[in-house]
1. Filter region 2-44 down to the residues that are of a type in the set (Val, Ile, Thr) and more than 19 Å from SER80 (Cβ to Cβ), then identify the one that is surrounded by the most Cβ atoms within 10 Å (Cβ to Cβ).
2. Working only within region 104-115, note down all residues that are part of a helix (DSSP H, G or I) and either within 19 Å of ALA15 (Cβ to Cβ) or at pLDDT 90 or above (or both).
3. Consider ALA92 against the criteria (1) crowded, with 17+ Cβ neighbours inside 10 Å; (2) in a helix (DSSP H, G or I): it satisfies all of them except one. Which criterion is unmet?
4. Please enumerate the residues belonging to region 53-83 that are in a strand (DSSP E or B) and without any contact (Cβ under 8 Å) to a residue 40 or more places away in the chain.
5. Condition test on VAL44, is it among the aliphatic types (A, V, I, L, M) and at pLDDT 95 or above?
6. Take region 116-126 and flag every residue that is of a type in the set (Lys, Arg) and at pLDDT 95 or above.
7. In region 46-86, how many residues are surrounded by fewer than 20 Cβ atoms within 10 Å (Cβ to Cβ), within 14 Å of the chain's Cα centre (by Cα) and polar (S, T, N, Q)?
8. Going by what's in this entry, would THR118 be described as out of contact with any Lys or Arg (no Cβ under 8 Å at 6 or more places or on another chain) and either surrounded by fewer than 12 Cβ atoms within 10 Å (Cβ to Cβ) or closer than 18 Å to TRP4 by Cβ (or both)?
Amino acid sequence: MDSWTEDELTQLANADELQISSRRPDGTLRPYVTIWVVRSGDGVYVRSAYGATNPWFVRAKRSGFGRIRAGSLEKNVRFSDAEASASPEIDAAYHAKYDRYGPRIVNTVVGPEAPRTTLRLVPSTT
């Protein structure tokens, strides 16, 4: 399974925040971290607000797999690099969903550096 159902996409699009955890080498989950999540088309994306050295992001990239929780939805995921060409649409999704928090906060997840810290969440059986 490598795609979201329409119901899952709607739940994630409507969730203000998402809890995300990466898998350790032994398969256990690390503690969950709360972050913003957006939907763009049929994709679900997260970004590291404090750059590519943010610990949760480093662990997610290294692991490649983890788990998310948002409301009643809980799912294993694979962390995939987002296509750079999708960045303008992902920026727009972040603006549409989170601009109410003000530019100081939203600007941590949009702009020219954001593509380096964008992960696509792909459903996984792992």
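1. Ranking the qualifying residues of region 2-44, first place goes to THR10.
2. Applying the first criterion (part of a helix (DSSP H, G or I)) to region 104-115 yields 104-106, 114-115.
Correct list: ILE105, VAL106, ALA114, PRO115.
3. (1)
4. If the condition is that a residue be in a strand (DSSP E or B) and without any contact (Cβ under 8 Å) to a residue 40 or more places away in the chain, then GLU74, ASP81 are the ones that fit.
5. yes
6. The one that is of a type in the set (Lys, Arg) and at pLDDT 95 or above: ARG120.
7. Going through region 46-86 one residue at a time, the tally reaches 3.
8. Values: out of contact with any Lys or Arg (no Cβ under 8 Å at 6 or more places or on another chain): no; either surrounded by fewer than 12 Cβ atoms within 10 Å (Cβ to Cβ) or closer than 18 Å to TRP4 by Cβ (or both): yes.
Answer is no for this residue.
The values are calculated or read from the model by the stated rules, or taken from the named source; none is laboratory data. These numbers come from a predicted model, not from an experiment. Note that we place each Cβ from the backbone using ideal geometry, even for glycine, and neighbour counts take in every protein chain shown.
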